[in-house]
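Below you'll find the structure, written out as structure tokens, and then a few comments.
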Amino acid sequence: MSRIHHDGPVIVGGGLAGLSAALEAAPRKVLVITPAPLLEACSSAWAQGGVAAALSADDAPALHAADTTAAGAGLVEAEATRTLTGDGRATVEWLARLGAPFDRDAGGGFEVSLEAAHSRARVARVGGDGAGRAILSALVTAVRAADHIEVWEDGHLQALIQDATGRVRGVLIARGDRSVEVLAPAVVLATGGSGGLFAATTTPAALLGEGMALAWRAGAEILDPEFVQFHPTAMDVGLDPMPLATEALRGEGARLIDGEGRFLLGDDPAADLQSRDIVARAVHAARVAGRGAFLDCRTAVGSKFPHEFPAVFAACMRSGLDPRETPIPVAAAAHYHMGGIAAGSDGRTSLPGLYAVGECAATGVHGANRLASNSLLEAAAFGRRTGQAAASEFGGQGALLPVRAGADLPESALAELRRGMSDWAGVVRDTAGLTALIALIDRLDAKWPGAAPVTAARLIAEAALARRESRGGHWRSDYPQTETRARHTRVQREQAAMAPHQIELVQ
């Protein structure tokens, strides 16, 4: 094993959050570590909708904050949300200056679209449904041109390095068949979400919640890990991951129907634009009942499909389906993790020296149910703030503690875990299913101790079992009521000697 000293922030993750942080950390030297080439295996590049921000004359950050709070089902933190929505316009303009080719209206302003649970059209998009890849491509170009940034595109995070005081001092990285200890004054985790833990997902399968798991193992506080958002219109065409049919289609008037052509959520044209948890449960219920679920775009989009929603159109055509003529079969699939490493709007976590940003972080702006297209805004806006904060870190002199990586989980075991997560921690949960899931996790943990995906799954499952209510994306069929008092779940590994399977929950 080799060791290097880096005099500046180390950022683990190459999505929108990580690259925004890297750019804003200048002039400090930054090392970005990602397990795959930039633009690959990150959710940012797959995002279709766009960036939510108050950009129109009839909109305001306060209105955006109110919609965010309403969607979050009582668990949205007001100060963080005001910061996020207040940064909206400046963030979109910063991305545009970097080269993000947002759609423009006739007057040169940002073209905005309506998505579910927004009271205004406020989603700045690119090419109808290509925002994520176009925006991230602009940042990748800027990062590759930046003198202060070095990128490793073959590094897999194995553990966090700490000193005797608990401060995070670096990361243990696997590069091919060798391990490298990278010591740095600040570590920024931008490792993405946990969608790959589920058999039905719209996210890259490599996203397994490992950043959250390793942060918890180091003693960082984890916030609300049970809250996973399931997107109601994943295309059910036999692919893994499942292609996404963007919510903007419903914003244009596309409707959800069953196999007999009946509206899933009623005749009201606005019914399909309710919050994602409501729509996802309707889709799930229709499929369980054998009625099927389909997104009918024939009238609302029709012949405009190829040029207004080219990514969705191409995915349909590759699957032998023409959405101009045939409704798209859909299912609810794991899409976004609202919970994660507890962090502020500047990325600071409960551990000195450790920052978290993007989907692996829980900043309080998504609560129990993320408002559509707030994720790209959070990644860029809080990514910028995190980069600036991490660049101000210096020091860390204590003796280093020994560091050890957990076991690698083989593909067969991961496949079993993914099936269990979708079956028992999916759209609808109950005591029996979650208990069965935890028994599966116990078995996997005993055979492959310390495997990060298993730890991440346990954090989600045990918190879901402990929350005996239904709220936002967390729906318990045996506890369908919503408690009057909204309480966060906080998970922290208080003792370094605690076994990985001992999760302490505090609500």
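The values are calculated or read from the model by the stated rules, or taken from the named source; none is laboratory data. What you see is a predicted model; the values in this text were computed from it and never measured. Virtual Cβ from ideal backbone geometry, glycine too; neighbours counted across all protein chains shown.
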- Item | Residue that is on the phi < 0 side of the Ramachandran plot, touching a strand residue (DSSP E or B) at 6+ places or on another chain (Cβ under 7 Å) and touching a residue at least 60 places away in the same chain (Cβ under 8 Å), where the choices are A45, A36, A80, A52 | A52
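For the stretch 232-258, give me each residue that is part of a strand (DSSP E or B), modelled with pLDDT of 95 or more and within 16 Å of the chain's Cα centre (by Cα).
First, pick out the residues of the stretch 232-258 that are part of a strand (DSSP E or B): 232-235, 244, 255-257.
Imposing the further condition that a residue be modelled with pLDDT of 95 or more reduces the set to 232-235, 255-257.
The answer is P232, A234.
Among the candidates G364, G396, G344, G358, single out the residue that is in contact (Cβ under 8 Å) with a residue 60 or more places away in the chain, in contact with a strand residue (DSSP E or B) (Cβ under 7 Å, 6 or more places away or on another chain) and crowded, with 19+ Cβ neighbours inside 10 Å. Please lay out each step first, then the result.
Details: G364 fails: in contact with a strand residue (DSSP E or B) (Cβ under 7 Å, 6 or more places away or on another chain); G344 fails: in contact with a strand residue (DSSP E or B) (Cβ under 7 Å, 6 or more places away or on another chain); G358 fails: in contact with a strand residue (DSSP E or B) (Cβ under 7 Å, 6 or more places away or on another chain).
The unique qualifying residue is G396.
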- Note on the structure: Those residues of the stretch 143-170 which are assigned to a helix (DSSP H, G or I) and surrounded by fewer than 18 Cβ atoms within 10 Å (Cβ to Cβ) amount to R144, A145
- Message: For the list (1) touching a Leu at 6+ places or on another chain (Cβ under 9 Å); (2) under 30 Å from V180 (Cα atoms); (3) at pLDDT 95 or above, I need the number of the one condition that S43 fails.
- Response: (3)
- Item | Any chance D7 is farther than 30 Å from I161 by Cα, of a type outside the set (G, A, S) and in contact (Cβ under 8 Å) with a residue 40 or more places away in the chain | no
- Determine whether the stretch 172-180 contains at least one residue that is part of a helix (DSSP H, G or I), over 13 Å from M212 (Cα atoms) and not aromatic (F, W, Y). no
- When you go through F313, F309 one by one, which is the residue that is assigned by TED's automatic domain parsing to the domain that holds L239, in contact with an Asp or Glu (Cβ under 8 Å, 6 or more places away or on another chain) and of a type in the set (F, W, Y)? F309
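Of the residues A293, A311, only one is closer than 30 Å to A368 by Cβ, surrounded by fewer than 22 Cβ atoms within 10 Å (Cβ to Cβ) and touching a residue at least 12 places away in the same chain (Cβ under 8 Å); which? Please lay out each step first, then the result.
Details: A293 fails: surrounded by fewer than 22 Cβ atoms within 10 Å (Cβ to Cβ).
None of the others qualify; the one that does is A311.
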- Considering residues of the stretch 363-401 that are of a type in the set (A, V, I, L, M, F, W, C) and in a loop (DSSP other than H, G, I, E, B) only, the residue farthest from A248 (Cα to Cα): A399
